[in-house]
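In what follows, a structure is listed as structure tokens, so that the remarks can point back to it.
Where a number appears in this text, it was derived from the coordinates with a stated rule and is not lab data. Predicted model only: the values in this text are computed from it and were never measured. Because the Cβ atoms are built from the backbone with ideal geometry, glycine has one as well, and the counts that use them run over all protein chains shown.
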Amino acid sequence: MLARAVSHLRKLIEDLPAWSALPRRVGLMALKDFNHYVLLRSDRYFKRTRMWGYPSFVHFEPINRCNLECPLCPLTTGRMDRETAVVSFADFKTVIDQLGPFTKTLQLVGIGEPTMNKELFEMIAYAKRRYSPIDITINTNGHFLNEMNVERMISSGLDVAIIAYDGLDADTFLTYRVGGDYDKLNQGIKRLVERRRTMGRRKPVVHLQLLLHRDAASQAEPFRRRAASLGVDIVRLKTLDVHYGIGERFDGSPDSTDLIPADVEHATRYRMEAGRLRLKRSVTTCDKPYLMTNINGDGSVTICDMDFNNWHPFGNVFTTPFREIWNGPAYVKYRDTMLRDFTALSMCAECTCPMTFESETDYEVHEELVDVPAEGGDWPGDKTIPVSRRSAL
Ligand SMILES: C[S@@+](CC[C@H](N)C(=O)[O-])C[C@H]1O[C@@H](n2cnc3c(N)ncnc32)[C@H](O)[C@@H]1O
Ligand code: SF4
Ligand code: SF4
């Protein structure tokens, strides 16, 4: 009881500087909402190719190197052949000081392991302090959750940590997370959850993600129980994208990968047609060019995170003001082509994760998110649409 009161008091004191910044926060919230709900939506409605609004969802890759070799990752397949890039705090600041006032969600992820950037938590703390309300998420393979990083992560104010789990046992996990350490991962997750509790914090909200690869697709139910025992907040079931690491043109041959689950119709984003894999969902539109922007670790700006190799480069935000890139000729041309002939853009026509203003995240398309219930509580997941139905959307 006393410990709880002390922890609440400590939190209140820690948050004092944030409270004193309240008027600024309210102003920023109004600006972000105006940008998101009025400017960007009107841009989309009137099919403008030169935008009035600024992206409200920003993907920013902190580093493009990794400690693992997941078989379908563009780093492993060699599909991503950009030079090594580690974003410095100074470059991050250059970007966030331009985009922060308008950004609702910042996802610090790309092709690489974000927590290998030693300045990552400093960047998050800066963005949260200066541009709150801004929601920050990272995706991580969870291999660097040591005492120091866990403490820095919690103190930074990070909102969401999506941790890749990908198997109920070491062998299943290693099918996809090649080079990984299952014990280390489990210890790191427990450490994060426990430290968050002792620090009296609710954030980061921890999402545990199971990628439904060949060996993991049948483990969704026990995975939920494992997530509850680890004390995380949300489980995420994510269907596998089998072709983003292979090539821009997906030839559909079933042997493109042997990692696709046997239950193709239900557990994947694909269907089988005459012995070939086809996308379940034929994409004809996507609002990402209006809603979001993607910044790779070298500062190059692209339409979205699918263009991890700068096939369609729009400019470099480390050297050119973002507003010049956002309404520059290359960006405008991409939006224009997209509006006139979506199929002319092979990357888009074969994409498995388009986004619309209505869904606002791509998760609706290929991920199921379920709250982990308190001990002894019911699984709301049992009442939600099974992932097979969602992924068929
Ligand atoms: C490229 S990873 C980078 C972040 C981090 N290194 C990781 O693996 O979590 C970004 C996200 O894509 C997921 N991912 C990896 N391979 C995938 C695949 N073949 N299909 C769908 N998602 C995948 C990861 O689990 C992660 O949530
Ligand atoms: S951990 Fe993430 S970045 Fe690293 S190889 Fe795997 S999917 Fe790619
Ligand atoms: S359709 Fe896919 S590749 Fe094209 S902009 Fe949307 S998310 Fe990116």
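When the GluC sites (Glu not before Pro) in segment 75-171 are filtered for DSSP coil states and for at most 10 other beta-carbon atoms within 10 Å of their beta-carbon, the remaining sites are 83. Between the listed residues 227, 212, 168, the Cα displaced farthest toward the positive end of the dipole of segment 139-245, a dipole computed from Cβ unit charges relative to the Cα centre, is found at 227.
Averaging the sequence gap over all C-alpha pairs within less than 8 Å and six or more residues apart, then dividing by the number of residues, gives segment 267-334 a relative contact order of 17 percent.
Residue pairs exceeding 31 angstrom between C-alpha atoms, taken from 118/288; 47/128; 203/238: 47/128. Packing-based ranking of 51-62, 194-205, 228-239 yields 51-62, 228-239, 194-205, ordered from highest to lowest mean Cβ neighbour count within 10 Å. Please state the relative contact order of segment 112-195 as a whole percent: Cα pairs under 8 Å, 6+ residues apart? For segment 112-195, the relative contact order is 32 percent. Scalar couplings 3J(HN,Hα) for segment 219-231, obtained by applying the Karplus form with A = 6.51, B = -1.76, C = 1.60 to θ = phi - 60°, are 9, 4, 5, x, 4, 4, 5, 4, 4, 5, 6, 7, x Hz; x denotes Gly and Pro. Sparse packing (at most 15 other Cβ atoms within 10 Å of the Cβ) combined with a DSSP loop state is found for the following trypsin sites (Lys or Arg not before Pro) in segment 88-189: 118.
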